[in-house]
Amino acid sequence: MKLRLVTLWDEEKQEEFQFLTNHLGLGASTITRIYKERWQIEIFFKTLKQLLRVKTFVGTSANALKTQIWTALIAVLILKYLKLKSSFGWSLSNLVALLRQQLFVYRHLYHWLDNPYQAPPALEGIHDVQLLLSF
């Protein structure tokens, strides 16, 4: 089997990358773009697993994987939107970690995003009134 070594110089990082490929008919720039795109996919899945703590996929069918990926994308999109709306300097991983802790605390989400270390409001009067059921 013939292999080809493709070398890329990254001006931005001032670093040389080498790729080993068996695609002899493709140009060097095409090979480097393919590897760059593949690396972006790897980073994407790594980010999903780290942020959302995805240990395993629930199903193995194509539909199950697509559903889980779409759900994860929606979750990340919501998290990035919350980070954008906040005036607090959140990192995405800190936002995820602290948001998990706040899920069962009764407070206004946007107020908490801007001031996460403020104590939750007192709940007097919120749960004091019991609804009457009339039959």
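The values are calculated or read from the model by the stated rules, or taken from the named source; none is laboratory data. As the structure is a computational prediction, the values presented were derived from the model and not from experiment. Positions of Cβ are backbone-derived with ideal geometry, glycine not excepted, and every protein chain shown enters the neighbour counts. Ligands, DNA and RNA are excluded from the accessible area calculation, which covers all protein heavy atoms including side chains. Shrake-Rupley method; radii C 1.70, N 1.55, O 1.52, S 1.80 Å.
Things to note:
- Label point distance in nm, Tyr81-Glu11, each placed 7 Å from Cα along Cα→Cβ: 3.8 nm
- Förster radius 35 Å - calculated FRET efficiency between Leu132 and His111 (Cβ-Cβ, nearest 0.05): 0.65
- To put it simply, the accessible area of the chain at a 1.4 Å probe is 60 percent carbon and sulfur.
- Within-12-Å neighbourhood charge of Leu113 [Cβ basis; K, R +1; D, E -1]: +2
- Averaging the sequence gap over all C-alpha pairs within less than 8 Å and six or more residues apart, then dividing by the number of residues, gives the chain a relative contact order of 13 percent.
- Solvent-accessible surface of the chain, taken per residue with a 1.4 Å probe and all protein chains present: 84 Å².
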